[in-house]
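The values are calculated or read from the model by the stated rules, or taken from the named source; none is laboratory data. This one's a predicted model, so the numbers in the text were calculated from it and none came from an experiment. Because the Cβ atoms are built from the backbone with ideal geometry, glycine has one as well, and the counts that use them run over all protein chains shown.
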Amino acid sequence: MDRKPPLESELVQEFVGVAHTDLNRVKELLEREPALVNACWDWGGGDFETALGAAAHMGAKDIANYLLEHGARLDIFAAAMLGKLEIVKAALKEYPNAKDVLGPHDIPLITHAEQGGDDAKEVLEYLKSL
């Protein structure tokens, strides 16, 4: 299998950084380099974050949905923020300790659900009940 060269680190850092708040720039960069969709940045000390992870803890549903529509790998943190109760329940049924796993920047799962606002109200209630 022929491997492509690694993505430019500055590009990955910018992509993950803008995915916190800037949908237009996310679109521009993803159009330029589609492989960014699942790129991961290490902010230091093993604090790894993808663009989807950035959008998830910021409650940026528009960015999260755009990334998912373009091949981002759904994780429990994004599912919680987006209000995907059945996905969160299924994951926690199989891996109950996942409720205590920290996301990027050591942000807890429940905080991701809080960032989802009204769309994630049921997820938030479920997580509080655990």
Inset, instruction - Only one of these is more than 23 Å from N24 (Cβ to Cβ) and free of Cβ contacts under 8 Å to residues at least 12 places away in the same chain: E122, E86. Name it. - result: E86
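Counting just the residues of segment 1-44 that are acidic (D, E) and over 14 Å from A64 (Cβ atoms), which one comes out modelled with the lowest pLDDT?
Narrowing segment 1-44 to residues acidic (D, E): 2, 8, 10, 14, 22, 28, 31, 33, 42.
Of the ones still in play, those that are also over 14 Å from A64 (Cβ atoms) are 2, 8, 10, 14, 28, 31, 33, 42.
Numbers: D2: 86, E8: 97, E10: 98, E14: 98, E28: 98, E31: 98, E33: 98, D42: 97.
Ranking the qualifying residues of segment 1-44, first place goes to D2.
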Legend entry - Qualifying position, being modelled with pLDDT of 95 or more, surrounded by fewer than 20 Cβ atoms within 10 Å (Cβ to Cβ) and β-branched (V, I, T), among I87, I76: I87
Legend entry - helices (runs of 4 or more DSSP H) lying entirely in segment 13-130 (those with 2 or more residues that are within 11 Å of the chain's Cα centre (by Cα) and of a type in the set (A, V, I, L, M)): 51-58, 61-69, 76-81
